[in-house]
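Trainee: Following this message is one structure expressed as C-alpha cells.
A short reminder: the numbers here are calculations on the coordinates, not readings from a lab. Everything numeric in this text was worked out from a predicted model, so none of it was measured. Glycine also receives a Cβ, built like all others from the backbone with ideal geometry; neighbour counts cover every protein chain displayed.
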C-alpha cells in the first residue's frame, strides 16, 4: 500500500482527497498547514508522495518546500502542488507536478500514479 501525505488547509478539499485516495487503496496522512506536516513527518512512515497546497496559514507550501529540500530523507519524495495561482513555474518550485485548482480528479489520480510507482 502506497502512502500519501496531503497538506491542505481547506477541510472540504482535504477530506474529499482523503476519501478518494483511501478508496484507491492508498494510506493517507494529512495536515492543515506546513508546520503540522513537518511534525507529522516525524511520526509516520516516509510517504511515497506529497500533495501540497501553497497558500496556507501558519506555514505556507513554499516554506514547507524550503524545509524539506534541506533534508536528504524528504527531498527525494515527489511533490505535487495544487494551487489556485495560475502563473507558477514548476522548475522554480522544484516539484514533480503542478495542478491548478479547481483540478480534475482523474488527472490528479493519474499524476499520483505516475509518480508513486
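Trainee: State the Kirkwood hydrodynamic radius of segment 5-70 in Å, one decimal place, computed from all pairs of distinct Cα atoms.
Mentor: 11.9
Trainee: Ranking 71, 32, 87 by Cβ neighbours within 10 Å, fewest first, what do you get?
Mentor: Fewest-to-most Cβ neighbours within 10 Å comes out as 87, 71, 32.
Trainee: Here is a further query. Tell me, 100, 60, 23, 111 in order of fewest to most beta-carbon neighbours within 10 Å?
Mentor: Fewest-to-most Cβ neighbours within 10 Å comes out as 23, 100, 60, 111.
Trainee: Could you please tell me the mean projected area of the C-alpha convex hull for segment 3-116, averaged over all directions and given in square nanometres to one decimal?
Mentor: The orientation-averaged projected area of the Cα hull of segment 3-116 comes to 6.4 nm².
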